[in-house]
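Worksheet: one structure, shown below.
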Amino acid sequence: MNEQAPEMPTDSPPSGFLWGAATSSYQIEGSPLADGAGPSIWHRFAHTPGRVLNGDTGDIACDHYRRWREDVTLMASLGLNAYRFSVAWGRILPEGTGRVNQPGLDFYRHLVDALLEQGIEPMLTLYHWDLPEALDARGGWASDASPGWFADYARILYRALGDRVRLWITLNEPWVITAGGYLFGDLAPGHRSQSETPIVAHNLLRAHAAALASGRAEGIERIGLAVNLEPQYPASPLADDIAATARRDAFINRWFLDPVFFGRYPAEMEAIFGTAWPEYSASELDALRAPPDFIGVNYYSRSVVRADPTEQPVGARRVRQDARPHTAMDWEVYPQGLTHILAWIQGRYGNPPVYITENGAAFDDPPPVAGRLHDRQRVAYLRSHLRAASRALRRGVDLRGYFAWSLLDNFEWSYGYAKRFGLVRVDPVDRQRLIKDSGRFYRDAIRRYEGRA
Ligand SMILES: OC[C@H]1NNC[C@@H](O)[C@@H]1O
């Protein structure tokens with residue numbers, strides 16, 4: 001059987017299904033201060049010794065800020081009909097609020113126009129972690145003013161691009177923003193505070209609601225929220241493991257979705273944060289109810305969970321499944337979890353429209369040989385997860401698209417350039433692009449699924 005054959009179920013996806021790839025501004029653009037842009041918290045964090053592996057920064061990254069035309073051509077050659085990217089807030093508002101930097105707006109307008117010329121649907125993420133440094137200096141997401149800052153920023157983009165961008169996402173992975181940036185401290189701004197963490201989460205939810213409202217006022221009809229979801233499975237039938245699994249499920253999967261859909265936090269949150277969990281009035285909780293027009297699901301892996309009082313604040317830890325394959329991030333390859341989490345959304349939140357806005361894997365790729373890069377593990381990962389998505393479609397999940405993470409090898413946050421997720425290799429020296437076998441596989445899969453093969 002042809003190694004590259006998608007070997008996937010023949011049932012074709014719904015018409016208009018989006019086949020895309022995803023990136024984010026700080027991870028690929030480079031030129032973080034070009035043309036009047038203001039620094040972000042990631043510019044500062046990456047330039048702080050010890051924060052990023054090998055001292056890597058996003059100063060050049062994939063040089064996308066200068067190579068964006070080439071990259072749009074690359075997307076078209078892969079047969080993508082959609083592309084998910086994020087806007088660097090600091091390019092639009094160098095101080096985070098106030099003065100608009102026109103060259104920043106122009107960059108994204110040119111990118112969007114080039115995508116549309118190629119028949120590629122843009123999906124724009126308003127916030128993918130690169131908060132303007134000037135706003136962090138004013139309290140950042142811990143500030144009560146942060147939802148207003150975000151809504152004003154969003155409104156500028158809605159007005160500038162709302163006539164050509166139809167798919168918007170307010171926040172990328174509010175859980176990672178909160179847990180990585182404010183609880184565990186491995187991501188910018190690098191805080192480690194149990195008391196600050198629930199406040200930041202609450203402000204992010206308020207910010208999502210405010211950006212949704214300002215989008216509605218501007219006539220924007222399809223605004224989503226992208227969340228990292230990770231199905232949690234108990235390591236044993238022991239009551240402690242079952243309870244620990246429920247806590248970790250609330251902590252990772254329900255902390256943000258329950259408020260936006262139900263106007264309430266999961267009951268487990270108070271047990272997790274104890275006295276650090278604030279008291280909220282009924283009106284404060286109801287103000288969080290802001291169901292998105294679609295959910296963006298970022299899926300990578302699952303967790304098998306055991307109770308562990310030493311692992312705070314949840315009192316649970318992931319048990320490594322040694323017998324199964326893992327990626328270079330040490331994440332178990334578990335495609336079934338994608339089907340499960342999509343079915344879970346369908347059942348819990350009333351079958352809302354869903355896009356898989358990120359799915360992919362980092363592996364230690366072999367070097368290119370004769371202009372080819374045989375990333376077999378990534379091909380296998382994509383094939384198994386596309387099948388898992390197909391099984392969710394068969395179960396009636398309102399799945400509308402799939403975005404591979406990522407188009408390009410890029411800056412993987414605190415890992416720098418050591419972890420590579422790209423369908424396309426980016427040479428660490430000259431940033432030359434080389435489509436990997438996984439990119440070719442994805443192109444062929446799109447053709448097969450769309451009946452063009
Ligand atoms: O770790 C892989 C990806 N996960 N979601 C957010 C992205 O910015 C990451 O690169």
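The values are calculated or read from the model by the stated rules, or taken from the named source; none is laboratory data. Remember, it's a predicted structure, so these values are computed and weren't measured experimentally. Cβ coordinates were reconstructed from backbone atoms using ideal geometry, including for glycine residues, and neighbour counts include every protein chain displayed.
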- Query: within 16 Å of the ligand (Cβ to nearest atom), touching a residue at least 40 places away in the same chain (Cβ under 8 Å), among the small types (Gly, Ala, Ser) and farther than 19 Å from Glu173 by Cα, is that true of Ala287?
  - Reply: no
- Message: Filter segment 357-407 down to the residues that are out of contact with any Gly (no Cβ under 6 Å at 6 or more places or on another chain), part of a strand (DSSP E or B) and not charged (D, E, K, R) and list them by number.
- Response: Asn359, Val369, Leu399, Gly401, Tyr402
- Note on the structure: Per the filter on segment 418-445, residues within 16 Å of the ligand (Cβ to nearest atom), surrounded by 19 or more Cβ atoms within 10 Å (Cβ to Cβ) and farther than 15 Å from Asp71 by Cβ are Lys419, Arg420, Phe421, Ser438
- Item | Within segment 15-97, helices (runs of 4 or more DSSP H) holding 1 or more residues that are in contact with a helix residue (DSSP H, G or I) (Cβ under 7 Å, 6 or more places away or on another chain) and more than 16 Å from the ligand (Cβ to nearest atom) | 41-46, 64-77, 89-92
- Message: Can you tell me which residue is nearest to Ala201 (Cα to Cα) among those in segment 225-263 that are surrounded by fewer than 19 Cβ atoms within 10 Å (Cβ to Cβ) and touching a residue at least 24 places away in the same chain (Cβ under 8 Å)?
- Response: Gly263
- Go through (1) buried (at least 18 other Cβ atoms within 10 Å of the Cβ); (2) away from the ligand (no atom under 16 Å from the Cβ); (3) of a type outside the set (D, E, K, R); (4) in a loop (DSSP other than H, G, I, E, B) and name the single condition Ser301 misses. (2)
- Task: For segment 317-333, state whether one or more residues are surrounded by 22 or more Cβ atoms within 10 Å (Cβ to Cβ) and away from the ligand (no atom under 16 Å from the Cβ).
- Result: no
- Enumerate the pairs (first residue in segment 16-44 and over 30 Å from Tyr442 (Cα atoms); second residue anywhere and surrounded by 24 or more Cβ atoms within 10 Å (Cβ to Cβ) and polar (S, T, N, Q)) with beta-carbon separation below 7 Å, excluding pairs fewer than 6 apart on the same chain, so at least 6 apart or on different chains. Pro32/Ser40
- Message: Under 6 Å between Cβ atoms, which residue pairs at least 6 apart in sequence (or on different chains) link something in segment 164-192 that is of a type in the set (Phe, Trp, Tyr) with a partner that is within 16 Å of the ligand (Cβ to nearest atom) and at pLDDT below 95?
- Response: none
- Out of Thr339, Thr310, report the one residue that is away from the ligand (no atom under 16 Å from the Cβ), exposed (fewer than 15 other Cβ atoms within 10 Å of the Cβ) and on the phi < 0 side of the Ramachandran plot. Thr310
- Item | From Arg387, Arg400, Arg447, residue being basic (Lys, Arg) and over 30 Å from Gly347 (Cα atoms) | Arg447
